[in-house]
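Below you'll find the structure, written out as structure tokens, and then a few comments.
The values are calculated or read from the model by the stated rules, or taken from the named source; none is laboratory data. Predicted, not measured: the structure shown is a model, and the values here were computed from it. As a convention, Cβ positions derive from the backbone with ideal geometry for all residues, glycine included, and neighbour counts pool all protein chains shown. Heavy atoms of the whole protein, side chains included, go into the accessibility calculation; ligands, DNA and RNA do not. Shrake-Rupley method; radii C 1.70, N 1.55, O 1.52, S 1.80 Å.
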Amino acid sequence: MESGRKRPARTKASRLQRANYKWIYLFLLPTVIIFAMFYVVPIVEVFVTSFTQWDGFNAPRFNGIRNYINLFNSHSFLTSLKNLFWWCVIAMTLHVGFGTLVAFVLFHRPRGWKVTRAVFMIPNVISAAAWAMIYRFIFNDDIGILNSLIRLINPDFSVDWFYVSPWAFWSVTFTWLFYAVIVTLIVLGDLLNIPQELTEAARIDGATGWQLIRYIHLPLCRTAIGTSIICSLTSRIAMYEQIALTTAGGPDYETVSLPILLVNAITDYRYGYANAVGVLMFLFGLVILWLVNRLFRMDETDY
């Protein structure tokens with residue numbers, strides 16, 4: 001009895017195929033060079049200079065892990081990690097959940113679904129920065145829509161939502177919480193690709209609408225939901241515009257994020273410190289990618 005599965009024999013390339021290899025490599029060379037120049041080299045430089053004291057003008061001076069020690073001893077950095085954790089939890093549950101729910105509603109095409117789709121998709125043409133300014137107007141203390149509505153009940157009510165704890169954190173969160181168009185598009189694309197034969201066979205076996213969703217549609221959208229979570233979580237790591245245009249990280253660093261710390265370090269000419277923040281952002285992204293891939297089995301086929 002054979003101890004293991006026999007591997008298929010490797011097919012040797014023909015002479016014509018081997019002759020074409022040099023042309024393949026030649027046409028790939030410009031892409032490889034551009035990728036190395038604009039991606040690989042800058043990433044390596046960020047990692048190297050994160051271990052230096054560098055003001056951007058003079059030559060970097062090696063200082064070991066001093067930048068990282070200063071980071072983990074910084075109140076603002078620890079607060080940014082706490083904010084990132086809670087924003088990731090909210091993104092995985094409410095943000096992706098809301099976008100997935102809208103995708104399922106559009107997939108079943110209820111009455112008025114075309115209008116709903118148009119209304120939900122239109123905000124996608126507005127930038128995140130513009131949405132931050134719109135939300136700033138909504139939550140403004142003096143002329144904000146929210147305070148004006150509350151004053152109809154309580155004339156003395158006054159809260160400057162973006163600048164008062166603990167409301168500042170939630171005000172910033174609402175600038176992106178329901179901005180889930182990308183999630184909806186990704187999940188809806190997978191739903192539309194589900195073979196009709198699977199749904200029809202389940203209905204013949206007596207499956208209800210909820211059973212179709214639970215046992216067929218949701219499992220077959222596993223990859224799309226995992227991709228949406230990756231997009232949402234990496235966006236939380238890189239979140240800058242919404243905070244810079246509303247709270248700038250205040251009050252007392254309550255809404256600070258890693259990109260805010262990075263930009264502040266650059267403006268203070270602490271490029272080595274800023275690159276240390278960038279390295280941690282890069283590593284956090286890799287960890288999230290690995291965890292979601294393992295959790296949702298992204299490397300496995302659905303059919």
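Here are some notes:
- Comparing mean-square fluctuations of Gln211, Gln53, Gln242 from a GNM of the chain with C-alpha springs under 10 Å, the top value falls on Gln211.
- Residue-normalised accessible area of the chain, given per residue in Å² at a 1.4 Å probe: 64 Å²
- Dipole magnitude of the chain, debye to nearest 20 (Cβ charges: Lys/Arg +1, Asp/Glu -1, about Cα centre): 1560 debye
- Computed over the chain: relative contact order in percent, which uses C-alpha pairs under 8 Å that are six or more apart: 27 percent
- Thr52 long-range amide H proximity, modeled H, under 5 Å: Asn63
- Taking His108, His75, His95 in turn, the Gaussian network model of the chain (Cα-Cα springs below 10 Å) assigns the largest fluctuation to His108.
- Placing +1 on the Cβ of every Lys and Arg and -1 on the Cβ of every Asp and Glu, with no other charges, gives the stretch 200-273 a dipole of roughly 260 debye about its Cα centre.
- Note on the chain: with neighbouring protein chains present and a 1.4 Å probe, carbon and sulfur make up 66 percent of its accessible heavy-atom surface.
- Calculated volume of the Cα convex hull per residue in Å³ (choose from (i) 139; (ii) 261; (iii) 162), label: (ii)
- Between Trp87, Trp23, Trp167, the Gaussian network model of the chain with springs among Cα atoms under 10 angstrom shows the greatest mean-square fluctuation at Trp23.
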